[in-house]
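Scroll down for the structure; my scribbles are underneath it.
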Amino acid sequence: MAKIHVYKFREIDEVSLFLEGGVLGANIAQPREGPPGVMGLVGLTLTMLVPAGTCTFVAGADPNGLLTFGEIHTQIQAAIATLRVRQLSGRLVFVEVTPTTGASVQAGAAASLLGFDSAANTTGKVFGSPFIAVPVVPYFMQAYSTNDNVHVIYTFELPP
């Protein structure tokens, strides 16, 4: 049975990405340790279930194997043209170019280094509009912003 869910976000862009089925990964701009970028990706393969495709990372400009966001972005976009790769407050974001079901990252070593779950697939969900004759679950019901700049949305969706 479908239920109402409530989500809170700090940025309006995050609300849009969430409703479009985008998934958020690691903060590449300001990692916990070291320079901006990701170490250890070279030679690993990122597998996207939706949109379907793979990207095997190759060495970038850094002789120690660090890949910057720009290099990660370029390599993934070249391998999977139907996936939009961007950053939101430094965090890596994957979203379908034309949102249909939601981006889905297969669990694995490359996914883990990029900030996604290493044991389970990370999957977004596209939310439809309630303003059609017969809304299809899942759909968003309401959105508003609070005085402390928190964005709140209500959705109607099936339980996991």
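The values are calculated or read from the model by the stated rules, or taken from the named source; none is laboratory data. What you see is a predicted model, and the numbers here were worked out from it, not measured in a lab. Note that each Cβ is placed from the backbone with ideal geometry, even for glycine, and that neighbours are counted across all protein chains shown.
Points worth noting:
- LEU158 vs. criteria surrounded by 14 or more Cβ atoms within 10 Å (Cβ to Cβ) and either of a type outside the set (Asp, Glu) or modelled with pLDDT under 95 (or both): no
- Filtered by the rule that a residue be in a loop (DSSP other than H, G, I, E, B) and more than 20 Å from LEU17 (Cα to Cα), segment 111-134 gives SER118, ALA119, ALA120, ILE132, ALA133, VAL134.
Here's the yes/no breakdown for (1) in contact with a Phe, Trp or Tyr (Cβ under 9 Å, 6 or more places away or on another chain); (2) assigned by TED's automatic domain parsing to the domain that holds PHE69; (3) not hydrophobic (A, V, I, L, M, F, W, C):
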| position | (1), (2), (3) |
| --- | --- |
| ALA111 | no, yes, no |
| ALA133 | no, no, no |
| TYR139 | yes, no, yes |
| GLN142 | yes, no, yes |
| ASN147 | no, no, yes |
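- Complete set of residues in segment 1-48 that are over 14 Å from VAL93 (Cα atoms) and aromatic (Phe, Trp, Tyr): TYR7, PHE9
- Every residue from segment 5-31 that is under 11 Å from the mean Cα position of the chain (by Cα), under 21 Å from GLY70 (Cα atoms) and of a type in the set (Gly, Ala, Ser): GLY22, GLY25, ALA26
- Only residues that are without any contact (Cβ under 8 Å) to a residue 60 or more places away in the chain, surrounded by 15 or more Cβ atoms within 10 Å (Cβ to Cβ), within 23 Å of VAL97 (Cβ to Cβ) and over 14 Å from the mean Cα position of the chain (by Cα) were counted across segment 32-55, and they come to 2.
- Total residues in segment 42-57, condition closer than 13 Å to LEU114 by Cβ and in contact with an Asp or Glu (Cβ under 9 Å, 6 or more places away or on another chain): 1
- Test: residue in segment 41-49 that is over 20 Å from THR122 (Cα atoms), at pLDDT 95 or above and touching a Leu at 6+ places or on another chain (Cβ under 8 Å): yes
- Residues in segment 56-91 that are hydrophobic (A, V, I, L, M, F, W, C), in contact (Cβ under 8 Å) with a residue 40 or more places away in the chain and not in a helix (DSSP H, G or I): 2 in all.
- The one condition from (1) under 21 Å from the mean Cα position of the chain (by Cα); (2) loosely packed, with under 15 Cβ neighbours inside 10 Å that VAL134 does not meet is (1).
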